Amino acid sequence: MSNRPISLHTALASFDALWSPRIVTRVNDYDVRIAKVEGAHIWHVHDDTDEFFLVLDGELHLSLRESDGERTVRLPQGSAFTVPRGTEHKPYAPSGAAILMFEPTGTPTVGDRHDEIPDHVDATTGHGLTAPVADPDPFTTGSEHECSPTCTPVRGRSGQRAPGRQSATGAPPQGNSCAVHGSS
């Protein structure tokens, strides 16, 4: 795993497969996974672990079968929810979403018990990322990069002059155009 900041935007851009999570990093014995999702997953249960969902983009719906009946939890962008262990659930994203999941390393995406697995669902314990995803931004890493003449340097959190994504007022620098900072 990387000892540098990881760009989730870059990590998500590195693959196209739906319902096929990528392991971004590990925390102790847990995987931090990201996935692009659209349509329905399958009903499944994780008998021995909770499953944490954070919606990075779009909206995710989680249908839950609980002791008092079935319900659906809607998670818009920026929302998080933990499905308790032993709860049958079915994630789906009618219009697509990008999600982050946190669960023990080796946890299968289809749980311990599940419906028949359709072709569009990847039954996996997560895939490694194939493209570099460390954030090259010197604002966060302290390293240098080659900026275009139009990249506007601003003061970083350390007070040193460095190219940054935003000015001291929080607004993006005007005329910014480089591989690290993008265009504004």
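Report whether or not W43 is among the aromatic types (F, W, Y) and on the phi > 0 side of the Ramachandran plot.
no
Filter the range 9-24 down to residues that are in contact with a strand residue (DSSP E or B) (Cβ under 6 Å, 6 or more places away or on another chain) and not in a loop (DSSP other than H, G, I, E, B) and give me whichever is most open to solvent (accessible area, probe 1.4 Å).
L18
Could you please tell me which pairs satisfy a Cβ distance under 6 Å, a separation of 6+ or placement on different chains, a first residue in the range 60-72 that is without any contact (Cβ under 8 Å) to a residue 24 or more places away in the chain and of a type in the set (A, V, I, L, M), and a second residue that is open to solvent by less than 100 Å² (accessible area, probe 1.4 Å) and assigned to a strand (DSSP E or B)?
none
I need every pair where a residue in the range 96-109 that is outside any strand (DSSP E or B) has its Cβ under 7 Å from the Cβ of a residue that is at pLDDT 90 or above, sequence separation at least 6 or different chains.
T105/R26; T105/D29; T105/Y30; T105/D31; T107/H46; T107/T49; T109/P21
Hey, could you check the range 25-64 for residues that are open to solvent by 50 Å² or more (accessible area, probe 1.4 Å) and in a loop (DSSP other than H, G, I, E, B) and say which is nearest to P91 (Cα to Cα)?
D50
Looking at the range 96-116 only, could you name the residues that are at pLDDT 85 or above and among the aliphatic types (A, V, I, L, M)?
A97, A98, I99, L100, M101
Against the definition (over 16 Å from M101 (Cα atoms), open to solvent by 20 Å² or more (accessible area, probe 1.4 Å) and touching a residue at least 12 places away in the same chain (Cβ under 8 Å)), how does A80 come out, yes or no?
The answer is no for A80.
Go through the range 1-31 and give me each residue that's closer than 13 Å to L56 by Cβ and of a type outside the set (V, I, T).
Of everything in the range 1-31, those that are closer than 13 Å to L56 by Cβ and of a type outside the set (V, I, T) turn out to be S7, L8, H9, A11, L12, A13, P21, R22.
The values are calculated or read from the model by the stated rules, or taken from the named source; none is laboratory data. Note that the structure is predicted; figures quoted are calculated from it, not measured. All Cβ positions, glycine included, derive from the backbone under ideal geometry; neighbour counts span all protein chains shown. Side chains are part of the model used for accessible areas, which takes the heavy atoms of the whole protein and leaves out ligands, DNA and RNA. Shrake-Rupley method; radii C 1.70, N 1.55, O 1.52, S 1.80 Å.
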